[in-house]
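The values are calculated or read from the model by the stated rules, or taken from the named source; none is laboratory data. All values reported here derive from a predicted model rather than from experimental measurement. Neighbour counts run over all protein chains shown; Cβ positions are idealised from the backbone, glycine included. Quick note on the areas: whole protein, heavy atoms, side chains included, nothing else; ligands and nucleic acids left out. Shrake-Rupley method; radii C 1.70, N 1.55, O 1.52, S 1.80 Å.
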Amino acid sequence: MDIYAVTPDGKTWHQLVKTERGFTGPAFIPGGSRCAWAEGQDTAADLRKDRFGIWKLKLGEFKITNGVPSVTAIKDITPAQTNWVEPGNFASDSVSLLLTADQGMTDARGQDQYILNIKTGALKNLTNSPKVWDECVAVNVTANWRL
């Protein structure tokens, strides 16, 4: 369950990111030069404790050099006290990322939707509904969210 780029004809595949336990995403900023994804970290013991496992939110630079795509400069941007995190999409400002997460929750089934500023790390809870599963989906976003 690694992240690949493939040519439109499906003949050439390039591994962008190797993961140990899979991923969700990736979400790209407008223009495509950066991407974010959540990468599974959990083990069987983690799954007994954290229903949806342990996930880390990663951010990387997407480049094409001599026709070969790659993701470099990968860093962990997981919000504090977050075990489950899933990227939705970036706003047009290329800084605000819509997330589904369980930040600070004891039961991940009540996860909420957030906006994360990938530059400052500021996180804003949009739904704050601890007994309702709120999950974002990747859509074409034209709104310009601000923190």
| query | Given 18/131; 75/124; 11/124, which pairs have Cα atoms separated by over 32 Å? | reply | 18/131; 11/124
| field | Simple spin-label estimate for residue 61 and residue 18 in nanometres, 7 Å along Cα-Cβ | value | 2.2
| Share of the range 1-125's accessible area from carbon and sulfur, percent, 1.4 Å? | 49
| request: Grab the Cα-Cα distance for residue 33 and residue 124, subtract it from 0.36 nm times how many residues apart they are, and report the gain in nm with one decimal. | output: 30.3 nm
| task | Please give the length that would be gained between residue 93 and residue 1 if that part of the chain were fully extended, namely 0.36 nm times their separation in residues minus their C-alpha to C-alpha distance (nm, one decimal). | result | 30.1 nm
| field | Residue among 54, 91, 32 farthest towards the positive dipole end of the range 1-124, charges placed on Cβ | value | 32
| remark: Counting only protein heavy atoms and rolling a 1.4 Å probe, one gets per residue an accessible area for the range 90-133 in Å² of 48
